[in-house]
1. Would you pick out the residues in the stretch A:415-441 that are away from every other protein chain (no Cβ under 13 Å), crowded, with 19+ Cβ neighbours inside 10 Å and outside any helix (DSSP H, G or I)?
2. Output the number of residues of the stretch A:317-333 satisfying the condition of being surrounded by 21 or more Cβ atoms within 10 Å (Cβ to Cβ) and outside any strand (DSSP E or B).
3. If we scan the stretch A:342-351, do we find a residue that is among the β-branched types (Val, Ile, Thr), surrounded by fewer than 21 Cβ atoms within 10 Å (Cβ to Cβ) and either within 25 Å of residue A:161 (Cβ to Cβ) or more than 12 Å from the chain's Cα centre (by Cα) (or both)?
4. Return the residues of the stretch A:96-111 that are of a type in the set (A, V, I, L, M) and surrounded by fewer than 24 Cβ atoms within 10 Å (Cβ to Cβ); say none if nothing qualifies.
5. Select from the stretch B:60-100 the residues that are among the small types (Gly, Ala, Ser), on the phi < 0 side of the Ramachandran plot and touching a residue at least 60 places away in the same chain (Cβ under 8 Å) and list them in ascending order.
6. For the stretch B:89-145, how many residues meet the condition of being surrounded by 22 or more Cβ atoms within 10 Å (Cβ to Cβ), within 14 Å of chain A (Cβ to nearest Cβ) and not in a loop (DSSP other than H, G, I, E, B)?
7. Go through the stretch A:273-289 and report how many residues are assigned to a loop (DSSP other than H, G, I, E, B) and touching a residue at least 40 places away in the same chain (Cβ under 8 Å).
8. Within the group A:453, A:458, A:410, A:424, which residue is touching a helix residue (DSSP H, G or I) at 6+ places or on another chain (Cβ under 8 Å) and small (Gly, Ala, Ser)?
Amino acid sequence: MDTTGLQRISECEWRIPASGKMRVPAVIYATEALIVDMDEKVREQIVNVATLPGIVSAAYCMPDAHWGYGFPIGGVAAFDPDEGGVISAGGVGFDVSCGVRTLYTGLTVAEIEAKKAELADALFRSVPAGLGSRGSIHLDVKAMRVMLDGGARWAVDQGFGREEDLEFVEERGRMAGARPDKVSDQAIKRQQDEMGTLGSGNHYLEVQRVAEVYDEDTARVFRLARDEAVVSIHCGSRGLGHQIGTEYLREMAVSAARYGIDLPDRELACAPIASEVGQSYLGAMRAAINCALANRQIITHLVREAFASVFPGVELPLVFDVSHNTCKVERHNVDGKPRALYVHRKGATRAFGPGHAELPAAYRETGQPVIIGGTMGTASHVLVGTGESEALAFSSSCHGAGRSMSRHEALKRWQGKQIVEGLAEQGVIIRSRSYRGVAEEAPGAYKDVDAVAEAAHASGLSRRVAKLTPLVCIKG
Amino acid sequence: MEPQTLLSGRWEHFPHGADIGVRGIAPTLAGAFEQAALALTAIVIDPADLDGDEQVEIDCEAPDAELLLVDWLNAIVYEMATRRLIFGRFEVETDGNRLRAKAFGRPMDADQLELAVEPKGATYTALSVARGEDGVWTAQCVVDV
């Protein structure tokens, strides 16, 4: 992105003043190098978001922002229903509540290394990954609707995991206000055989080394110790979320004119929060959040079974579970006044600061763990929410490395087999059903995740706690 | 995988920051829709590698040709996901508002086929259905994967 026309507020904060149809300014949190690396479409999209009715304060881009659908991926925007605010299916995305869950193993890297190949095989057998793989769980329509209301809470009740897991999942594992009756038969049919599956694309299951600790006190609370191993699971609401996104995007695109909404881009399709379409989508989207939370809970159970076969007695408690494609109602102080806002995070992570009432007691003093997923060849990061983040971007931070290159270009540059062999030489075991899928997800196709985490830290959106590097990657 | 050139048209992929653009090019609107569908399959696997005689009928209706293209591609995504089929050939009839089609394919067996990535849904990004000055139709959009 060309920085012409951007006002530099600080090292990592840039502003596009409101002009034309923009109702609020747009704010980008990133270093100059990250901005220069962003597609020009990011500017166009965040400016378009700033034109939507009822938007509050500003439209925000996180440091990992890239070209998305209507909203940039890495976009954050809050809307006030009392000011004609809207809800946007494109502002949430197709993979509703895609997110990352990290588990504590209590094992040292040396212990993992001694049985790494055996562990990789056990995980690859246990967790269905990639297109065409099937889970062992089939839910009938009635069970699907119960699951869509219950989320991870439902999964624990079915025997997938433990009661104490729920404390460390956003919304305590169950998103309130879900309306399974607003989820179509088609969306349900698409999901009936997909519970407990990882999916494909950028989804993964990794065993990771805690390679660096930046904040010892917070890391201790999160149970992250240097040279110990953790497990991270990145996936979402699978076919159900995709179908809900597809159906409501179309419905909102067709009905926008009826609600007097002038869409600068069809992909920004949205509806007034108070409208029938808006309320239906809200209920269906919340059901999809529950689907994603249940899915990650089932996968957690499968991961525990695989670990138990290699390391008997290992319990794998949760560090935390974050979602990064959501719209949630949250209370935020705006100009000194508390307001209930509909906060869209499209490829952005909630990052509540210390003292927030919704945090588990164990993290009330530190703030929320913010888990930033990386690539199979680089690193992931754990950060922590800050008090200042609410004023910066409604308590939000980045979600991943963010692509810097299209899949098209990645396929031209790399071959999957070479990537797998090269990473094996570096000590990273990859298990995948598709070399082409690996090539499309080549580490070089992503931004520098360390630079993204540093920008999130420098801007105050969240504070770095630890860096995780891959030991084993089950690639979706 | 290189784009395929066929007598009745051709398909290609075009770049998008995070995902994949699909484009069908053909002398007729129906042909462009068939080729765009092949480009969708090619996200998963080279359609030239596919055989199979399982047949699925798809009907769509939309206010305009662009929405019809998205509906058509999303209908294929849905059939792929729920029937676990992958399609290597399409026969389309359309007037730009209504579409009737047959998709021919085979089971999506991960043990027999190397399947790359799952299409989540067709989007309105870079969406266009147009006839050029040379009379050739192009139908395209970005697919989220």
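1. Listed by number, the residues that qualify are A:428, A:429, A:430, A:431.
2. Residues in the stretch A:317-333 being surrounded by 21 or more Cβ atoms within 10 Å (Cβ to Cβ) and outside any strand (DSSP E or B): 1 in total.
3. no
4. Matches in the stretch A:96-111: A:107, A:109, A:110.
5. Passing the criteria: only B:65.
6. 9
7. Selection size over the stretch A:273-289: 2.
8. Only one candidate passes the filter, namely A:410.
The values are calculated or read from the model by the stated rules, or taken from the named source; none is laboratory data. Because the structure is a prediction, the values reported are computed rather than measured. All Cβ positions, glycine included, derive from the backbone under ideal geometry; neighbour counts span all protein chains shown.
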